[in-house]
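Notes follow once the structure below has been shown.
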Amino acid sequence: MKTSLQHLSLNVSDFAKSASFYKDLLGYFEFKIQSEGEDYIGFSNGATDIWLGPAELKYSGNKFHRKNPGLNHLAFQVGSREDDAVQGTTREREARLFEIQRGSKEFLA
């Protein structure tokens, strides 16, 4: 049976900072805010939803490292890594951007 990813839920250490970043980045990729509250925000592009919420306080000091068990990265298929809007969104927030080539397709992670 063929399927697709319906949603992804991310627990973040700094909800306000993360929500601001993802509003800009996912907005650029034409995701729309589906629902937003004091401690959550959900985005959708009609096929996949991405939800953010704060990590429990006892876990919020744990810093992300892609080599730890769990999520390694998120990747979005794009036309070009050189896109100024994507570069600006990540550079302003000191986020790391990786280019991944898979055959003829290019991804940003």
Cross-link reach from residue 32 to lysines, straight Cα distance under 21 Å and at least 8 residues apart if same chain, gives 17, 23
Sorted by chain and number, the residues with a modelled amide H under 5 Å from that of residue 55, at a separation of 5 or more or across chains, are 12, 13
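In units of 2.2 N^0.38 Å, what is the alpha-carbon radius of gyration of the range 9-69? Walk me through the numbers on the way to the answer.
Working: Rg = 12.2 Å, N = 61, 2.2 N^0.38 = 10.5 Å.
Relative to the rule-of-thumb radius for its length, the range 9-69 sits at 1.16.
Values in this text are rule-based calculations from the coordinates and carry no lab data. Only a predicted model underlies this, so the values are computations on that prediction, with no experimental measurement involved.
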